[in-house]
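Below is one structure; the comments refer to it alone.
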Amino acid sequence: MSNTLHYSPESLQDLDETFDYIAVEKQNPIAAQNTIQGIRSAISDLRTLDNIGVKVFLPNGVETPYRFVRYNNYLAFYRQISSDVYIDRIIYGKRDYISILFGQYKNL
């Protein structure tokens, strides 16, 4: 059975911003292309593998519906419902992803 991937507008924007940052700010378009390909490859594993990656918990220990898969320092946050996989955000791992995903919970 194959899962269907659904990219949110925010996740597509995250990919665009990541590419632009590496290609323009860091002046390395080859690294930018390789990074985006690596992220998309890690995400593509979700087509055939269910619920892989790390579960995401709030600081107070409450489990969220999210998991993430990693490519280097980038985390792709997703939710899986049956055979539909929703890619909600792609965030640089050193950022405060709890605050980005669940802003109101950042002080827990």
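The values are calculated or read from the model by the stated rules, or taken from the named source; none is laboratory data. It should be emphasised that the depicted structure is a prediction, and the values quoted were computed from it without experimental measurement. Note that we place each Cβ from the backbone using ideal geometry, even for glycine, and neighbour counts take in every protein chain shown. The area values use the complete protein model at the heavy-atom level, side chains included, leaving out ligands, DNA and RNA. Shrake-Rupley method; radii C 1.70, N 1.55, O 1.52, S 1.80 Å.
If you go through region 30-54 and keep only what is acidic (Asp, Glu) and either assigned to a loop (DSSP other than H, G, I, E, B) or within 11 Å of the chain's Cα centre (by Cα) (or both), you end up with just Asp50. Remark: pairs (first residue in region 89-101, under 18 Å from Val62 (Cβ atoms); second residue part of a loop (DSSP other than H, G, I, E, B) and at pLDDT below 95; Cβ separation under 8 Å; 6+ apart in sequence or on different chains) = Asp96/Lys106; Ile98/Leu58; Ile98/Pro59; Ile98/Lys106; Ser99/Lys106. In this structure, is Ile43 among the hydrophobic types (A, V, I, L, M, F, W, C), more than 23 Å from Gly103 (Cβ to Cβ), open to solvent by less than 60 Å² (accessible area, probe 1.4 Å) and in contact with a Ser or Thr (Cβ under 7 Å, 6 or more places away or on another chain)? So Ile43 does not fit the description; no. Within region 54-106, the residues that satisfy the criterion of being among the acidic types (Asp, Glu), open to solvent by 30 Å² or more (accessible area, probe 1.4 Å) and under 30 Å from Ala32 (Cβ atoms) are Asp84, Asp96.
Every condition in (1) touching a Phe, Trp or Tyr at 6+ places or on another chain (Cβ under 6 Å); (2) open to solvent by 50 Å² or more (accessible area, probe 1.4 Å) holds for Thr48 except the one numbered (1).
Return the total of residues in region 67-100 being in contact with a Leu (Cβ under 7 Å, 6 or more places away or on another chain) and among the aromatic types (Phe, Trp, Tyr). Total satisfying the criteria: 4.
May I ask you to list the residues in region 1-19 that are open to solvent by less than 80 Å² (accessible area, probe 1.4 Å), in a helix (DSSP H, G or I) and in contact (Cβ under 8 Å) with a residue 12 or more places away in the chain?
If the condition is that a residue be open to solvent by less than 80 Å² (accessible area, probe 1.4 Å), in a helix (DSSP H, G or I) and in contact (Cβ under 8 Å) with a residue 12 or more places away in the chain, then Ser11, Asp14, Leu15, Thr18, Phe19 are the ones that fit.
Report yes if some residue within region 41-57 is out of contact with any Leu (no Cβ under 9 Å at 6 or more places or on another chain) and on the phi > 0 side of the Ramachandran plot; otherwise report no. Yes, region 41-57 contains a residue that is out of contact with any Leu (no Cβ under 9 Å at 6 or more places or on another chain) and on the phi > 0 side of the Ramachandran plot.
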